[in-house]
Structures are given as structure tokens and as C-alpha cells.
Amino acid sequence: MGAQKEPHGGELKNLYLSEEEAAEEKAQSKDWPSWDLTPRQLCDIELLLNGGFSPLEGFLGKADYDSVVADMRLTDGLLWPIPITLDVSQHFADSVSEGDVIALRDREGVLVATMTIADKWTPDKRKECEGVLGTTDDTHPEVDRLLNHSGPVYLGGRLKGVQAPRHFDFTHIRHSPREMRDLFAKWGWRKVVAFQTRNPLHRAHQELTFRAAREAEANLLLHPVVGLTKPGDIDYFTRVRCYDRLMQHYPEQTSTLSLLPLAMRMAGPREALWHGIIRKNYGCTHFIIGRDHAGPGKDSKGEDFYGPYDAQDLFVEHQEELDISLVPFKQMVYVQERAQYAPVDEVEDHETQLNISGTELRRRLKHNLELPEWFSFPEVVAVLRERHPPLTEQGFTLFFTGFSGSGKSTIANAVMTKLMEMGGRRVTLLDGDVVRKNLSSELGFSKEHRNLNIERIGFVASEITKNGGVAICAPIAPYRGSRRVVRELIEPLGGFLEIHVNTPLEVCEARDRKGLYAKARAGVIKEFTGISDPYEEPENPEMRIDTTDITIDQAAQQVLLKLEKLGYLA
Ligand code: PPS
């Protein structure tokens with residue numbers, strides 16, 4: 001067996017206790033303070049415990065943290081670019097002291113590990129952002145997380161692993177560094193090029209990874225991140241199905257696929273070094289880095305956070321010390337005349353380069369347009385089409401808002417009936433009155449209760465939309481804030497149309513179908529919208545409909561025409 005390269009720091013860590021020790025630790029832990037790990041902390045702890053983050057033996061203490069933030073090194077001088085910290089609430093921090101042992105659990109309460117607290121401190125998060133990410137602009141997703149969503153206190157200390165975080169998906173392609181190294185040894189893979197990704201892969205990626213491996217005379221490890229990636233990325237279930245299809249296009253025995261439960265920080269150059277260290281721990285000898293590696297996108301001024309080759313440059317600077325070689329990623333383009341891919345710098349002036357950007361790909365998926373075979377393998381496209389059905393098959397929510405008596409419910413009912421007449425859509429009506437009888441029967445009409453009511457409606461509508469149905473909501477929804485919450489919840493999952501039924505209050509009151517306005521004027525009903533309670537007008541609704549002078553049929557037609565124009569109707 002050819003000797004493998006050493007892990008970072010010389011020793012592959014395994015922080016798990018033996019079975020007997022773990023059972024004992026579990027029994028004792030019942031009396032210890034307990035912290036429920038966040039999804040990000042669960043990713044970090046998995047790689048701490050299995051040696052993916054070797055040589056770390058726990059969450060960083062203060063001295064190591066300060067040193068990593070300032071100099072990218074642990075206090076013993078070893079290169080380590082990203083702080084791995086356990087952030088907790090002030091309340092929890094106040095309940096524990098240095099020297100205490102705490103139980104770290106997953107969301108179901110399973111004991112994952114225990115930690116002896118060596119350090120407890122309140123970090124300067126802005127300094128951390130500056131040092132690690134080079135910015136405090138919170139359009140950077142990690143700055144946003146650190147400054148706006150993470151716990152104020154850090155705890156550091158050594159870990160004892162009791163039970164590895166559990167995964168029920170893709171278990172056959174999840175490996176610890178030890179397992180990966182053993183497989184490489186068994187297969188006789190001495191040189192391995194790792195490819196990191198958080199996106200679906202197409203033919204250009206297949207070409208470049210295959211070429212990279214061939215040039216290095218090495219095998220290839222496709223090592224996609226399935227922990228936490230950039231908000232808005234395609235979910236990993238879909239991606240892994242794409243990778244699985246793609247793998248069939250590599251020559252046999254050359255390549256393998258394994259999933260990495262990493263929580264990315266989108267830290268560009270520092271992140272590239274970190275990725276390299278992790279891959280070295282997994283037994284790889286080479287690492288592919290392309291343009292804008294682990295880039296977080298644009299800052300609040302519309303500029304890139306990092307230069308396109310900053311990651312490659314920083315990696316080259318530390319390559320020797322890291323003892324893992326950079327394979328620069330060459331952008332591959334399809335050359336029409338050659339019917340072949342080629343590195344962009346090898347294309348002649350007279351040749352035609354073809355490429356389809358991510359934005360163009362999403363547009364074509366959305367409108368069910370052709371995706372040529374030169375761009376992506378049909379099996380991969382089929383997986384993406386399943387995930388991104390055309391608009392005619394996507395779910396959407398129609399969110400009517402307006403005064404009582406404005407006509408919301410009547411239009412909503414008419415639209416529902418017409419959609420059912422057209423067929424092909426499953427429609428659910430969440431009318432204000434009906435919801436208040438079922439979902440929200442205990443709620444009144446205070447601002448707090450109304451907002452809660454709208455958030456419940458939004459939650460149900462989001463589930464319906466996510467699963468391809470049509471949700472038609474018709475509450476008064478008088479507050480902008482809760483309408484925005486609903487929009488933000490639903491928009492990533494499908495269509496969202498806010499329809500302001502802006503029939504004037506006088507008209508609604510004159511109609512007074514339920515006799516509620518008269519009671520509100522008489523003070524019998526309190527907090528009545530428009531009379532004794534506010535209505536905040538929508539600023540940018542997709543539609544406004546005033547029912548003063550039009551029939552319900554005409555109003556419903558306006559909604560259907562809008563849906564047709566947007567592409568939701570076949
Ligand atoms: S909200 O603000 O969105 O939570 O209201 P909603 O769930 O749509 O409920 C409004 C219906 O409840 C009746 N009702 C009142 N409306 C407004 N203010 C007060 N105080 C009130 N009390 C009872 C009224 O019939 C509303 O139904 P619609 O269909 O809008 O007329």
C-alpha cells in the first residue's frame with residue numbers, strides 16, 4: 001500500500017469515545033447543562049469529531065480564535081483560516097462556567113458530544129468579520145449570520161464524541177476522512193484530485209474535472225458540499241441526483257462521489273485554504289480552485305467582495321506549507337466548429353464559443369425551453385426539470401387583501417371556481433372567515449393576533465405552493481409587516497401575487513353585507529378595520545382591483561388574465 005500524505009498537523013483526529021465510554025458519558029450527561037446544536041453547529045461538530053477539521057479537538061478557545069482571526073494560524077503556528085466556534089445565547093452562557101461539562105444535542109435531543117468548557121467569552125464579531133471575511137457589509141451571508149443571527153457568547157473546549165450526527169439520506173456516499181482514506185488505499189489511488197461544488201454540474205464541469213485529473217495523472221473525488229451552502233442555492237437532494245447521473249459519464253475506476261457535510265462561510269480566499277485543508281484530511285493530494293472560489297456574490301454597492309483570482313493567489317502562497325497542490329480551474333467553453341469543449345484561452349478568434357449562464361439556465365427551465373445536449377447531459381436536465389417544473393406546473397399563492405366587504409372573498413371564490421373549471425390545478429381557498437373558524441379560532445383582532453393569523457395563513461399557503469398547488473387567501477391582512485413575512489416565505493417556493501382589493505371604505509360601509517360596520521360605528525365591535533383600527537395600504541401589490549363599478553366576473557377575469565400573462569396558465 002503506497003503511503004498516503006499526512007493529514008493537516010500530522011494526525012487524523014477521531015474524537016469519538018469507545019462504545020462503553022460513550023454509554024457511560026451518556027448516563028452522566030443527564031445532570032449536565034444541555035445545548036441544542038444549530039444546523040450549522042451540527043455540521044461543524046460532525047467534521048470536528050470525525051477528523052475532517054484535524055488537528056482541531058474541539059470548538060476554538062479564545063487564544064486560538066484571536067490568532068485565527070488575526071493571522072490565519074492556531075497559537076501553535078499551524079495554518080487554520082476559519083474560526084470554528086460554538087456560539088450560544090446569553091441566557092445559556094450565564095448558566096455555565098469555565099470547567100463545566102455541557103451536553104451537546106441534536107434537534108431531537110440525541111446526545112452528540114460533550115464538551116468541557118475551557119473558555120467563555122463575548123467576541124468582537126465585527127473584528128471577526130473584518131479579519132476573516134474582509135468586510136462588515138451584511139449583504140455577505142456570513143457577515144449577516146455573525147452580526148444578526150448568531151449567539152453573543154462563544155464557548156470553547158475539547159469534545160468527546162458520543163454519537164455521530166445522524167443522516168438518513170445518501171448514506172452509501174457519506175464517508176468520514178478515515179473511511180475515504182481507507183477506500184483510496186484499497187483502490188490503489190495514490191494521487192487524488194478533489195473538486196468542491198455547491199451547484200449542479202454540467203458538461204463543462206465534467207470536462208474540466210476530468211482534464212484536471214488527467215493532467216495530474218490522478219483520480220478524481222467529486223466532493224460536493226451538502227451541509228449549508230449559500231442561501232438560495234439549489235437544494236442538495238436535487239444536486240446529488242444530478243451528480244449521480246453525471247458520474248456515469250466518467251470512465252470507470254477513475255472517479256468517485258462522496259458528500260461533505262460542511263457549513264460553508266462563503267469566505268472566498270480564506271475559505272479556499274480551509275477547503276484544501278479539509279480535502280487533505282480526506283486523503284486528497286490535489287485541489288481544484290477556479291474563478292471566485294466560495295464567493296459570496298456582490299456587496300451592497302454591487303461590487304464583488306473578492307477578486308476573481310484572490311483564492312488561487314492565497315492558495316499558491318501557502319501551497320507548500322499545506323502540502324496539497326492547487327489545480328487551477330480553467331473555464332471551459334463549447335466550441336461550435338469543433339463540437340468539443342476547450343479551455344477558454346485555447347479558443348481561436350475565428351471559432352464560435354457557446355455557453356449558457358446560470359441565469360439563462362433558470363430562465364429556460366422556468367419556461368420549459370430547450371437545453372441543448374452540448375450544455376448538459378439529458379439525464380441531468382431531467383432531474384433539474386423535475387425540481388423546476390415550468391410555471392404552468394408550479395404552485396402559486398393569490399393573496400387578496402382589503403377592507404371587510406371590499407369583495408375579496410367573492411373574487412377569490414370566483415377565481416377558484418374558474419381555475420377548477422379549467423382543470424389541472426389543485427386549489428385551496430383560505431378565506432378570512434373560514435380560517436378564523438378553523439385555524440385561528442382562539443384569536444381576536446389585536447395587532448398581535450391579526451399578525452399571527454396572517455402568518456398561519458402564510459404558512460399553510462407556503463406548504464400548498466411548495467407542493468405545486470394553488471392557495472387563494474382572502475384575509476383583511478391590514479399590516480404591511482405580516483404581508484411581507486408571507487411574501488418572503490412563499491416567493492422562494494413558487495409564485496406570489498398580492499392583490500389589493502382597494503374598494504373604498506365608504507363603498508364597503510354602504511354595502512355592509514354582514515351589518516358589521518353599523519355595529520363598529522355603534523362601538524359594539526371594537527378594533528374594526530377602517531373604523532377603529534388601521535389598514536396599511538400595500539405599496540407594490542401585483543394588482544389592484546376596485547369593485548365599486550365592476551362585476552365579480554370582470555374582477556375574476558382580470559386576475560386570470562394576469563396569471564396568463566405571467567405564464568402560470570397553460
Ligand atoms: S385579519 O385582520 O386579516 O386577521 O382579519 P380576518 O382574519 O380577515 O378576519 C376578518 C373577518 O372577521 C370579521 N370581523 C372583523 N373584521 C375586522 N375587524 C374586526 N374587529 C372584526 N371582527 C370581526 C369580518 O367579518 C371579517 O371578514 P371579511 O370577509 O373581511 O368581511
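The values are calculated or read from the model by the stated rules, or taken from the named source; none is laboratory data. None of these values were measured; they are calculated from a predicted model. Cβ atoms come from the backbone with ideal geometry, glycine included; neighbour counts cover every protein chain shown.
If you go through the stretch 108-127 one residue at a time, do you hit one that is under 27 Å from His167 (Cβ atoms), without any contact (Cβ under 8 Å) to a residue 40 or more places away in the chain and under 26 Å from the mean Cα position of the chain (by Cα)? Within the stretch 108-127, one or more residues are under 27 Å from His167 (Cβ atoms), without any contact (Cβ under 8 Å) to a residue 40 or more places away in the chain and under 26 Å from the mean Cα position of the chain (by Cα).
Residues that are more than 15 Å from the ligand (Cβ to nearest atom), touching a strand residue (DSSP E or B) at 6+ places or on another chain (Cβ under 6 Å), under 30 Å from Leu208 (Cβ atoms) and at pLDDT 90 or above are absent from the stretch 380-391 altogether. Picking from residues in the stretch 499-510 that are buried (at least 16 other Cβ atoms within 10 Å of the Cβ) and more than 18 Å from Ala477 (Cβ to Cβ), the one that is nearest to the ligand (Cβ to nearest atom) is Glu509.
Of all residues in the stretch 304-335, exactly one satisfies the criterion of being at pLDDT 95 or above, in a loop (DSSP other than H, G, I, E, B) and not hydrophobic (A, V, I, L, M, F, W, C), namely Tyr306. Which one is farthest from Ile476 (Cα to Cα) among residues in the stretch 523-556 that are within 11 Å of the ligand (Cβ to nearest atom) and touching a residue at least 60 places away in the same chain (Cβ under 8 Å)? It comes out as Lys526.
The residues of the stretch 187-208 that are part of a loop (DSSP other than H, G, I, E, B) and farther than 13 Å from Leu221 by Cα, listed by number, are Gly188, Arg198, Asn199, Pro200, Leu201, His202. Hey, can you tell me all the residues within the stretch 15-43 that are touching a Leu at 6+ places or on another chain (Cβ under 8 Å) and either assigned by TED's automatic domain parsing to the domain that holds Lys280 or crowded, with 16+ Cβ neighbours inside 10 Å (or both)? Correct list: Leu15, Tyr16, Glu25, Lys26, Ser29, Trp35, Leu37, Arg40, Gln41, Cys43. Inside the stretch 70-101, residues that are among the hydrophobic types (A, V, I, L, M, F, W, C) and over 17 Å from His318 (Cα atoms) make up a count of 7.
Please report, ordered by residue number, the helices (runs of 4 or more DSSP H) entirely within the stretch 374-441 with at least 2 residues that are over 29 Å from the mean Cα position of the chain (by Cα) and among the polar types (S, T, N, Q). Correct list: 408-422.
Do we have any residue at all in the stretch 104-122 that's of a type in the set (Phe, Trp, Tyr), in contact with a Lys or Arg (Cβ under 7 Å, 6 or more places away or on another chain) and surrounded by 15 or more Cβ atoms within 10 Å (Cβ to Cβ)?
yes
Of all residues in the stretch 200-239, those that are touching a helix residue (DSSP H, G or I) at 6+ places or on another chain (Cβ under 7 Å), in contact (Cβ under 8 Å) with a residue 40 or more places away in the chain and either under 19 Å from Leu326 (Cβ atoms) or not hydrophobic (A, V, I, L, M, F, W, C) (or both) total 8.
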